[in-house]
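To start, the structure itself, in structure tokens.
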Amino acid sequence: MTIHGLKCILSPVIIIKSAREIEQLKRSNAIVAEVFQELRKKVVPGVSTLELDRIAEEIILSRGALPAFKGYRGFPATLCISINEEVVHGIPSQRQLREGDIVSLDVGAKLNGYFGDGAITLPVGEVDGEAKRLLEVTEKALYIGIEKARVGNRLFDISHAIQRWVESHGFSVVRDFVGHGIGMDLHEEPQIPNFGSPHQGPRLEKGMVFALEPMVNEGTYEVKILPDGWTVVTADGKRSAHFEHTIVITGDGAEILSKL
Ligand code: MG
């Protein structure tokens, strides 16, 4: 799940995690990865988004964890499910996925007080070429950001690399929602925009844990929130994709925690 970006915080307090805490975060994020492994098989034309939500919740509970988003500021479900022009924070419903849709699935799990968070966007059946390109560019944007998450760099080196990659492909990065630190809170400092100037922001240190999550639009980066108070959609109605991993900065680059 993303947070609504506030004004730039110049000196955020970024919590450095101990080896023991990183072990805990690995466990909660492994559950997130397991949910995606299962959902990849279930995303087909005709499945309702509520059914996907039920599957995700069942896996999380069976591992002794809790769905992290359910009840968060009143969010009613385990998954955020956002289809086509929906960017993030869509609410599961009776709506059925249709051939040609793209669907973003965002899930959080809390185990022993530690949070895991991740997101993927999947094609439903066969999708058009532009949708495939949007998904590829967005997923690659996440990995380009992860590549910059290393000791010696600054926070906005991540932001800048993502923005540059995305815009060089003719797409735009959402400004209003950003990635975040994560640990014993779902959303910790720092906020991690997917745009910005290089060599700015806090220095990255070993033991920082971040949820990086580029949100990439086909058209304008501008978004609006639907009357349900949650669903974020593109202002121009064009499609959007979202990929997210929770990572830890190590002595040698970064390790992805939300991956099996
Ligand atoms: Mg998140």
**Fill in**
Pairs returned, first residue in segment 101-128 that is of a type outside the set (Val, Ile, Thr), second residue that is modelled with pLDDT under 95, beta-carbon separation under 7 angstrom, 6 or more apart or interchain, are Asp106/Met1; Gly108/Met1; Asp117/Met1
**Request:** Any residue in segment 142-156 that's under 24 Å from Thr121 (Cα atoms) and without any contact (Cβ under 8 Å) to a residue 24 or more places away in the chain: show its pairings with residues that are of a type in the set (Phe, Trp, Tyr) and surrounded by 18 or more Cβ atoms within 10 Å (Cβ to Cβ) at Cβ separation under 7 Å, as long as the two are six or more apart or on different chains.
**Result:** Ile144/Trp165
**Prompt:** Among the residues of segment 213-220, is any away from the ligand (no atom under 16 Å from the Cβ) and open to solvent by 60 Å² or more (accessible area, probe 1.4 Å)?
**Reply:** no
**Checking Val47 against (1) of a type outside the set (Asp, Glu); (2) crowded, with 16+ Cβ neighbours inside 10 Å; (3) under 19 Å from the mean Cα position of the chain (by Cα), the condition it does not meet** = (3)
**In segment 232-254, the residues that are polar (S, T, N, Q), within 18 Å of Gly90 (Cβ to Cβ) and within 16 Å of the ligand (Cβ to nearest atom)** = Ser240
**Gln163 being buried (at least 22 other Cβ atoms within 10 Å of the Cβ) and either outside any helix (DSSP H, G or I) or more than 16 Å from the ligand (Cβ to nearest atom) (or both)** = yes
**Item:** Scan of segment 44-100 for residues that are of a type in the set (A, V, I, L, M, F, W, C), assigned to a strand (DSSP E or B) and within 22 Å of Lys224 (Cα to Cα), ordered by number
**Value:** Leu79, Cys80, Ile81, Ile83, Val87, Val88
**Message:** Looking at (1) open to solvent by less than 50 Å² (accessible area, probe 1.4 Å); (2) under 24 Å from Asn29 (Cβ atoms), which one does Thr231 not meet, given that it meets all the others?
**Reply:** (2)
**Message:** Any residue at all in segment 84-100 that's open to solvent by 20 Å² or more (accessible area, probe 1.4 Å), over 23 Å from Ser28 (Cβ atoms) and hydroxyl-bearing (Ser, Thr, Tyr)?
**Reply:** yes
**Item:** Condition check for Ala33: within 16 Å of the ligand (Cβ to nearest atom) and either crowded, with 23+ Cβ neighbours inside 10 Å or in a loop (DSSP other than H, G, I, E, B) (or both)
**Value:** no
**Prompt:** Any idea how many residues of segment 114-124 are open to solvent by less than 20 Å² (accessible area, probe 1.4 Å) and either more than 16 Å from the ligand (Cβ to nearest atom) or of a type in the set (Lys, Arg) (or both)?
**Reply:** 2
**Prompt:** Can you find even one residue in segment 169-179 that is within 16 Å of the ligand (Cβ to nearest atom), hydrophobic (A, V, I, L, M, F, W, C) and farther than 20 Å from His199 by Cβ?
**Reply:** yes
**Residue list for segment 1-11, restricted to those being away from the ligand (no atom under 16 Å from the Cβ) and of a type outside the set (A, V, I, L, M)** = Lys7, Cys8, Ser11
**Asked** Looking at segment 133-164, which of its residues are in contact with a Gly (Cβ under 7 Å, 6 or more places away or on another chain) and of a type in the set (Phe, Trp, Tyr)?
**Response** Phe156
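Identify all residues within segment 138-158 that are over 14 Å from the mean Cα position of the chain (by Cα), part of a helix (DSSP H, G or I) and surrounded by 21 or more Cβ atoms within 10 Å (Cβ to Cβ); write none if there are none.
At the first step, the residues of segment 138-158 found to be over 14 Å from the mean Cα position of the chain (by Cα) are 144, 147-158.
Within this subset, residues satisfying the condition of being part of a helix (DSSP H, G or I) are 144, 147-148, 155-158.
If the condition is that a residue be over 14 Å from the mean Cα position of the chain (by Cα), part of a helix (DSSP H, G or I) and surrounded by 21 or more Cβ atoms within 10 Å (Cβ to Cβ), then Lys148, Leu155, Phe156, Asp157, Ile158 are the ones that fit.
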**Answer from Lys70, Lys26, Lys42 - the residue that is open to solvent by 30 Å² or more (accessible area, probe 1.4 Å) and within 16 Å of the ligand (Cβ to nearest atom)** = Lys70
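Based on what the data block shows, is Glu205 out of contact with any Asp or Glu (no Cβ under 8 Å at 6 or more places or on another chain), away from the ligand (no atom under 12 Å from the Cβ) and part of a loop (DSSP other than H, G, I, E, B)?
So Glu205 passes the test.
The values are calculated or read from the model by the stated rules, or taken from the named source; none is laboratory data. On a predicted model such as this, the values are computed, not experimentally measured, just so you know. Glycine gets a Cβ as well: all are built from the backbone with ideal geometry, and neighbour counts include every protein chain shown. The accessibility values were calculated without ligands, DNA or RNA, using every heavy atom of the protein model including side chains. Shrake-Rupley method; radii C 1.70, N 1.55, O 1.52, S 1.80 Å.
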